[in-house]
Structure formats: structure tokens, C-alpha cells
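Remarks on the structure that follows.
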Amino acid sequence: MNMAPESRIHVIFANNFPISDMPLSFDNIEIAFRYRDNKELKRANFLFTSMNSPFLSKMGMKATQWAMNMHLPVKALVKKTIFQQFCGGETIEEAAETSATLGKFGVDVALDYSVEGKEEEADFDHAVPEFIKAIEYAATQNNIPFIPIKVTGFARFSLLEKIHLQQPLNADEKAEWTRVEERIHKICAAAAKCKSMILIDAEESWIQLPVDELADAMMARYNKNELVVFNTFQMYRHDRYEFLKVSHVKAMKEGYILGAKLVRGAYMEKERRRAAEQNYPSPIQPNKESTDKDYDLAVAYCLDHLDTIALFIGTHNENSCFKAAETMQQKGLQPNHHHVYFSQLFGMSDNITFNLADAGFNVCKYLPYGPVKDVVPYLMRRAQENTSVAGQTGRELGLIRREMKRRGI
Ligand SMILES: Cc1cc2nc3c(=O)[nH]c(=O)nc-3n(C[C@H](O)[C@H](O)[C@H](O)COP(=O)(O)OP(=O)(O)OC[C@H]3O[C@@H](n4cnc5c(N)ncnc54)[C@H](O)[C@@H]3O)c2cc1C
């Protein structure tokens, strides 16, 4: 379980430029929830209470998935509950409202078209203009600097698996891969033109090699003079801290900025299960402590090299966020240094996001949007994560209930 940091930083930096009179604390619930009205807070209380029960959560997830597959009319119910908690809306226009609300409190947005699980070329082609529309929309706003993408949104999973295994591709597969590269190029080119930034999400370890190679190629092309592309490093993998350093050396050699989005990783159970079933060594760290250690080492490494690395700290871990902020302070870095961003997912850890924003740090919410039926895999991951990660739901629930008590509702 995450422990709240004991000491508190007073946010006054080496050059004595006071960013805020407040000490940085993730405990200020009034700041954390000031963008949520009473109704929204009650809904969050209901949801996190349900997710706190593994039985209810499992039943809820199964029933939702079944009902959606059977085309039963549950969309309205899903939309009013878990969807509203974790998603910005079904369309860009709907997400725009949420994004504007976040902006009022100094919180930026990574606008995430979160449609998953497509496997057809027509779907991959269709996704490109959807992302370009998001990039162009983001360019008209002053608080949407990032657009996240998943390579599996543009490529067949089994094609990625084959490339990962370095198996030879036949002529059709080669052409298919060229189309994938072109789709990603188009998106990065649009982002470069609109001065947006693309975050390439990390996915399962058995398809990650082509994702990394594609990300490197995009950074080599677009990060020479500007900062456009970030790759993602999952620190629950025992080899990724070394890989981060190797990626950095490569970036320096080739003269581009390494965009490094650091996360712990979302597919731990799946990774371990597959490794056990197929009898190969698990790529996952032996325990949570090793993941935490590498995460914080990776953040420190990036903060030591901000001239050649842009860092995106994607985590709900209070200790990691606090340590990063503290290191920035010790180094005399401005909290809004243009190469450091903190980020949490929409609907989670508002205490971190809004308190960081209040103290002047660059912070953004990953804000997913898309048709309800298409974001169900994302919602299931959030429900699972909030059920299975020890401490996470209890912590969210505790904060929500304290704020409800404070408001007298
Ligand atoms: C902005 C943002 C973007 C994200 N993008 C991605 C992405 O592109 N790809 C992706 O995979 N995930 C992504 N995630 C999800 C992320 O990887 C984590 O699953 C989630 O954030 C929980 O980790 P944490 O650091 O927030 O918190 P914590 O609660 O401190 O850590 C929980 C995480 O620790 C690790 N862990 C838990 N138990 C163990 C154990 N026994 N042994 C080893 N490790 C353990 C797991 O990764 C688990 O998810 C993103 C998260 C955020 C906030």
C-alpha cells in the first residue's frame, strides 16, 4: 500500500521563486475534488465502494461484458456509471467539456481516443483521421498538449507478434507492416505540424519490440528540433531500466530528444500467466518493491538528463510523485520545467493531480473518449486495477468519503 509521504516540500525553489505558499501535500481533499460537484462525488463513492468488493466487481465486469456482447440495452447504465467516472465522453465534443473543466484548475489533458480490440484493416484506416481530428482539435485548445496512441490500434496483434519474434514476413505481411508505419507516420506528422505531442503506449511484452522500434524511428524523425514523440517504459519489467538507458544513448548518438513516458505497467497478471503457461522466464520483476525501485531510479535518471530527455511521469503512486517533485526542488528546477510532466488517469488519484497543479507543476489527465461499446476493454482494465491493486481503491474511497463528510453530503 502507498504510504503518504511523511515530510512535506515547501514549494520554494533554489532561485527563491515562490511557486505557491502551500506545502506540497497530496492530502488536501478540498483541492483534489473541487472540480467535482456533489452528485459526481456521490457517484464516485458508489462506484469505488462496489469496486472495493472483489465479488461485486467481478460480477459487475462479467455482467457488463456479457450484456454488451448480447447487445442488451445497458449502454445508458454503463454510460451513467463507470463510463462517466473514467471517460470524458463518447465524442471529442463531449470530451471537450470535461477537458475545459480540468483546464480551469490548471490541469492539462492527454486526449485519448480509447477504442480497442479492432483487428480489421478498415478499422485501422478509419482510426487515422479520428486521431488527426483529435490532434487538430487539441491544437485549438491551450490545455491539450498530448495525444496518446496504441500501435495495436493500427496493426493486427498477430502481425506484431510475428515481428516481435523476428520471423520472416511474406510479401503481403510486409505490405501490411508498411501500411502500419505509414499510419503512425501520418499521425506523428500531423502532431508535428500542430505542435502536439504523441505518447506511444506500451503494451504486452510479446509485441513490444516492433512498438519500440517504431517509436524510436518516429523520435529519430520528429524529435530532432522539436519534441513530438514519446515512447513508454514499463518498469514492472526487469529489463526496462537498462533499456531506458540504452534508448537514451541511442537518442544522443542519433541527435534526437528521448521522450520517456514512465509507467509501472498494466498487464502484470496476463504477463505472468502467459510466461507460466508457455514455460519461459517471466519478464516481470520479482516483487512490487523491485518495480518501485526501478521506477524511481528511472525518474531520477531522466531528471539527471533533462537536456536530452523529456520525462512523462505516468503514475498514481504518491511516493514516486513526491520523490520526483522533491528531486526537482533539490536540483533547482522550476516545477513547470518544459521537459517534465506528471500524469494520472481521469477518474483516479485526483488528490495527486490537482495538488500538483495547484503547486505549479505540469500535470495532465489521460482523458479517454470513444463510443461506450468500444471503450469497454479500457473500463474493464480500470475496474480490475481498482479491485486487484492492494490499497488503490481503499485510498480513493477514503479520500472521497472524507470530502463528502467535509461537504456535509
Ligand atoms: C498517465 C498514465 C499512462 C499509462 N500508460 C500506460 C501504458 O502505456 N502502458 C501500460 O502498460 N500501463 C500504462 N499505465 C498504467 C500503469 O502501468 C499502471 O498499471 C497503473 O498506473 C498502476 O501503477 P502506479 O504506478 O500508478 O501505482 P502503484 O499502485 O504504485 O503500482 C501498481 C503497479 O505496480 C506493479 N506491481 C504490483 N504488484 C507487483 C508485484 N508483485 N511485482 C511486480 N510489480 C508489481 C504493477 O505494474 C501494478 O500495476 C498508465 C498509467 C498512467 C497513470
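Every read-out reported here was derived from the displayed coordinates using simple, explicitly stated rules and does not represent laboratory data. What you see is a predicted model, and the numbers here were worked out from it, not measured in a lab. A quick note on method: Cβ atoms are made from the backbone with ideal geometry, for glycine too, and the neighbour counts reach across all protein chains shown.
Computed quantities for the displayed model
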item	result
Per-residue Cβ neighbour rank within 10 angstrom, fewest leading, 49, 98	49, 98
Net +/- balance of residues flanking residue 79 in space, Cβ distance below 11 Å, scoring K and R +1, D and E -1	+1
Binned Cα-Cα distance frequencies in segment 223-325 - 10 Å width, integer %	15, 44, 29, 11, 1
Residue-averaged 222 nm ellipticity for the chain, from DSSP H runs of 4+ at -39500 (n - 2.57), nearest 500	-17000 deg cm²/dmol
Residue among 76, 189, 139 with the largest mean-square fluctuation in a Gaussian network model of the chain, springs linking Cα atoms under 10 Å	76
Fluctuation leader among 368, 168, 286 - the chain, Gaussian network, Cα springs under 10 angstrom	168
Selected from 140, 64, 152 as most flexible by GNM, with the chain as the system and alpha-carbon contacts under 10 Å	140
Cα coordinate range in segment 18-172, projected on the principal axes (Å, largest first)	62, 44, 30
Globularity index of segment 280-409, i.e. its alpha-carbon radius of gyration over 2.2 N^0.38 Å	1.19
Dipole of the chain [Lys/Arg +1, Asp/Glu -1 at C-beta], most positive-end residue of 154, 263, 32	32
Distance from segment 312-378 to segment 82-152 (C-alpha centre basis), Å	17 Å
Proxy reagent accessibility, fewest Cβ within 10 Å first, across 305, 71	71, 305
Cα-based Rg of the chain normalised by 2.2 N^0.38 Å, two decimals	0.95
Residue 65 versus residue 269: modelled label distance in nm, points set 7 Å from Cα along the beta carbon direction	1.0 nm
Amide H contacts under 5 Å for residue 89, placed H, 5+ residues apart	370
Net charge dipole size for the chain [Lys, Arg +1 and Asp, Glu -1 on Cβ; Debye, nearest 20]	1080 debye
